[in-house]
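*Asks:* The structure is given below, and queries will be raised subsequently.
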Amino acid sequence: MGNAQDKSPGSGGGGGRSPQATAGSGARSRGGGSAEKPQTRRVPGKGAANGTQRENTPAGGQQEQGSPAVDTSYLDAPAGALPPHLARLKNAGNHLFKHGQFGEALEKYTQAIDGCAEAGIDSPEDLCILYSNRAACFLKDGNSTDCIQDCTKALELQPYSLKPLLRRAMAYESLERYKKAYVDYKTVLQIDTGVQAAHDRVHRITKMLIEQDGPEWRVNLPEIPAVPLSVQQQHRDKPISAEVAQARAARAAHEEASRKDAHFTLLKREGNDLVKKGHFQEALEKYSECVALKPDECALYTNRAICLLKLNHFEEARQDCDTALQLEPGNKKAFYRRALAYKGLQDYLSASSDLQEVLQLDPNVREAEEELEVVTSLLRQSLMDTTAHTPRV
């Protein structure tokens, strides 16, 4: 038990969120020839094209007495350059999407797109957002083909818009059109290198394409467009939403925690290896670095106590064992190694007490039995020497 160190421990388009994107304009194109107006599917109980909704209301249209009023203030939030009745449709779609009602959200976005065409509104940015948001609904409902068409329309309106590119890439991937998906993911990463989903999927698709086409897989790829530097700079300068900032902060914290865990595991393993080789001073330094990273891990203090005992730093070893026992009051190793520290400090009574504690916790610890015999003998000898040197009165 005295030299055994503890093993070092072994060391991931968004559902549930608003599908807001950047930029758009124009009616939706189907198939080959002229642009067709998308069909609007009406949902019973939902408002007409003026964007109003009747939620949680009885059939008669009157709100029940005593029932809480439904907060629909989100409907009146500004929505780019859209007029109020179309802004309400877009906001209603965002609200429905956020609550997982993708089919109903799709209807709202479709009504807003139709309303723009009827009103002659030519705002590429706003239409791009509507097409991109509707594409998110198609993607959630497993309709990858229509998702691709809406994303392509959004990108015609606002080239290099990030979210339509990312959603189209996901739709291509779901249809196993991996080369096109790869191109869109790589384009996304030119605009924003921080999109982790794009990194992960590029890595996965690359392995699949190598298996499929061999070492010359790049030859068969469509051309990857070069995103203009002005677009990249514009994206970097664009203010980010609170939601995006929070997601980035969470990702950064996760990455930092993973980095710390990996470094900690490496240091602890190195410390353990150095103890086995008898390099106690170097091991002591490794464990001290570990303590700085994770000061609440009991094993670090019992491991470091081994090094201190071997270096005859008995008081420091005792202190580390005290800390370990504060963290884990029933830790046998801490009691045993503190007994050795007390022995080194010639406090044989305290050493005996700790060894008896070890044997009470586990009567089968042979090292503790043997050490107790030694300490008892030293204690007896110490008492005899004290008596011999005490003058008689």
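The values are calculated or read from the model by the stated rules, or taken from the named source; none is laboratory data. Quantities reported herein were computed from a predicted structural model and do not represent experimental measurements. Note that each Cβ is placed from the backbone with ideal geometry, even for glycine, and that neighbours are counted across all protein chains shown.
*Asks:* Tell me whether segment 270-286 contains one or more residues that are over 28 Å from the mean Cα position of the chain (by Cα), at pLDDT 90 or above and closer than 19 Å to LEU162 by Cβ.
*Replies:* Within segment 270-286, not a single residue is over 28 Å from the mean Cα position of the chain (by Cα), at pLDDT 90 or above and closer than 19 Å to LEU162 by Cβ.
*Asks:* With respect to GLN158, determine if the residue is touching a Ser or Thr at 6+ places or on another chain (Cβ under 9 Å) and either modelled with pLDDT of 90 or more or not assigned by TED's automatic domain parsing to the domain that holds ILE129 (or both).
*Replies:* Yes; evaluated as a whole, the condition is true for this residue.
*Asks:* Still on this structure, I have one more. Any residue in segment 344-366 that is closer than 20 Å to PHE314 by Cα, under 51 Å from the mean Cα position of the chain (by Cα) and not in a helix (DSSP H, G or I)?
*Replies:* Within segment 344-366, one or more residues are closer than 20 Å to PHE314 by Cα, under 51 Å from the mean Cα position of the chain (by Cα) and not in a helix (DSSP H, G or I).
*Asks:* Going by the conditions given, is TYR185 closer than 22 Å to ALA79 by Cβ and aromatic (Phe, Trp, Tyr)?
*Replies:* No, not satisfied.
*Asks:* Among the listed residues LEU379, LEU383, identify the single one that is within 18 Å of ARG318 (Cβ to Cβ) and either in contact with a Ser or Thr (Cβ under 6 Å, 6 or more places away or on another chain) or modelled with pLDDT under 95 (or both).
*Replies:* Result: LEU379 is the single residue among LEU379, LEU383 that is within 18 Å of ARG318 (Cβ to Cβ) and either in contact with a Ser or Thr (Cβ under 6 Å, 6 or more places away or on another chain) or modelled with pLDDT under 95 (or both).
*Asks:* Do we have any residue at all in segment 297-304 that's closer than 29 Å to LEU372 by Cα, in a helix (DSSP H, G or I) and basic (Lys, Arg)?
*Replies:* Checking segment 297-304: at least one residue is closer than 29 Å to LEU372 by Cα, in a helix (DSSP H, G or I) and basic (Lys, Arg).
*Asks:* Return the only residue of TYR336, TYR342 being surrounded by 17 or more Cβ atoms within 10 Å (Cβ to Cβ), in the same structural domain as MET384 (by TED's automatic domain parsing), of a type outside the set (Val, Ile, Thr) and closer than 25 Å to MET384 by Cβ.
*Replies:* Criteria check complete, one pass: TYR342.
*Asks:* Could you please give the count of residues in segment 233-289 that are outside the structural domain of PHE314 (by TED's automatic domain parsing), of a type in the set (Val, Ile, Thr) and assigned to a helix (DSSP H, G or I)?
*Replies:* Result for segment 233-289: 1.
*Asks:* All but one of (1) within 17 Å of PHE102 (Cβ to Cβ); (2) at pLDDT 95 or above; (3) in contact with a Ser or Thr (Cβ under 7 Å, 6 or more places away or on another chain) hold for LYS153, so report the exception by its number.
*Replies:* (1)
*Asks:* Just to verify a result, which residue in segment 182-219, among those that are in contact with a His (Cβ under 8 Å, 6 or more places away or on another chain) and at pLDDT 90 or above, is surrounded by the fewest Cβ atoms within 10 Å (Cβ to Cβ)?
*Replies:* LEU189
*Asks:* Another question, if that's okay. Tell me, which helices (runs of 4 or more DSSP H) wholly within segment 106-217 include 3 or more residues that are of a type in the set (A, V, I, L, M), within 22 Å of PRO228 (Cβ to Cβ) and in contact with a helix residue (DSSP H, G or I) (Cβ under 8 Å, 6 or more places away or on another chain)?
*Replies:* Of the helices (runs of 4 or more DSSP H) lying wholly inside segment 106-217, those with at least 3 residues that are of a type in the set (A, V, I, L, M), within 22 Å of PRO228 (Cβ to Cβ) and in contact with a helix residue (DSSP H, G or I) (Cβ under 8 Å, 6 or more places away or on another chain) span 144-157, 162-174, 178-191.
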